[in-house]
Amino acid sequence: MDLEKLQQKLEHRRPSILGSEHFLKYAILIPIVQKEDELHLLFEVRASTMRRQPGEVCFPGGRIEEGDKNEQEAAIRETAEELGISSNKITNVQPLDYFVSPFGMIIYPYVGFIEEAEIFPNQEEVERVFTVPLSYLLHNPPKTFEMNYEVKPADDFPYHLIPGGENYNFRQRPLSEYFYEYNSDVIWGLTGRVLKHFIDVIQKD
């Protein structure tokens, strides 16, 4: 390969996250609703029959599909499907920072306002919905706990090819977990992380 051909290969590339083609990609929406003259955030409780994370609190959202025009469209589509509302009832949609999960996922969160609409949750995915006043979340920070992700090489890992062999100092990755409690519901995990990010964004001067 000569220099000219090499330059052509690199010239029009748009950089992205290394290895992102192997990641699962999801889009979620933080729904804001007007309730009793106050802004509330709407949450879902996942149906107990769900294969992944049954009974946990989450925001509407799901996997980005091939037919979706972009990540925002996927977040709106999933929210409309899960809440049983028309997509045109979801307005003022704005992006937050996307998140690369240590478990091979890229999460694209958005915030949007749900205009007055009767909600009919998809019972196959959603057990129930509830709302939390935004003022409560602004004045009640989450409890924070630390977790460490350790590297555990496979049994056939080639230690003989790296300096130090089996004594190689693999780095641990600390990760903060945020827990919000409201009545009997607990918001944590990815949902807690996205919620904390949203609160931080709107509290910035």
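The values are calculated or read from the model by the stated rules, or taken from the named source; none is laboratory data. Model, not experiment: these values are computed from the prediction. Cβ: placed from backbone, ideal geometry, glycine included. Neighbour counts: every protein chain shown. With ligands, DNA and RNA removed, areas are computed over all heavy atoms of the protein, side chains included. Shrake-Rupley method; radii C 1.70, N 1.55, O 1.52, S 1.80 Å.
Taking first residues from the stretch 20-47 that are polar (S, T, N, Q) and partners that are open to solvent by 30 Å² or more (accessible area, probe 1.4 Å), the Cβ contacts under 9 Å between residues at least 6 apart in sequence or on separate chains come to Ser20/Val100; Gln34/Phe113; Gln34/Glu115; Gln34/Glu116. Scan the stretch 85-98 and give yes if some residue there is in contact with a helix residue (DSSP H, G or I) (Cβ under 8 Å, 6 or more places away or on another chain), farther than 27 Å from Ser176 by Cα and among the hydroxyl-bearing types (Ser, Thr, Tyr), otherwise no. Looking for residues that are in contact with a helix residue (DSSP H, G or I) (Cβ under 8 Å, 6 or more places away or on another chain), farther than 27 Å from Ser176 by Cα and among the hydroxyl-bearing types (Ser, Thr, Tyr), one finds at least one in the stretch 85-98, hence yes.
Collect the residues in the stretch 93-112 that are assigned to a loop (DSSP other than H, G, I, E, B), within 16 Å of Lys196 (Cα to Cα) and open to solvent by 40 Å² or more (accessible area, probe 1.4 Å), keeping them in residue-number order.
First pass over the stretch 93-112, keeping only residues assigned to a loop (DSSP other than H, G, I, E, B): 96-98, 102-104.
Checking which are within 16 Å of Lys196 (Cα to Cα) leaves us with 96-98.
Passing the criteria: Asp97, Tyr98.
Sub-7 Å Cβ pairs linking a first residue in the stretch 167-187 that is farther than 30 Å from Glu127 by Cβ to a second residue that is open to solvent by 40 Å² or more (accessible area, probe 1.4 Å) and charged (D, E, K, R), at least 6 apart or interchain, are Gln172/Glu150; Pro174/Glu146, ordered by first then second residue. Within the stretch 40-52, the only residue that satisfies the criterion of being surrounded by fewer than 16 Cβ atoms within 10 Å (Cβ to Cβ) and either β-branched (Val, Ile, Thr) or under 17 Å from Thr131 (Cβ atoms) (or both) is Thr49.
Take the conditions (1) part of a loop (DSSP other than H, G, I, E, B); (2) more than 20 Å from Leu39 (Cβ to Cβ); (3) in contact with a strand residue (DSSP E or B) (Cβ under 8 Å, 6 or more places away or on another chain); Ala80 misses just one of them, which is (1).
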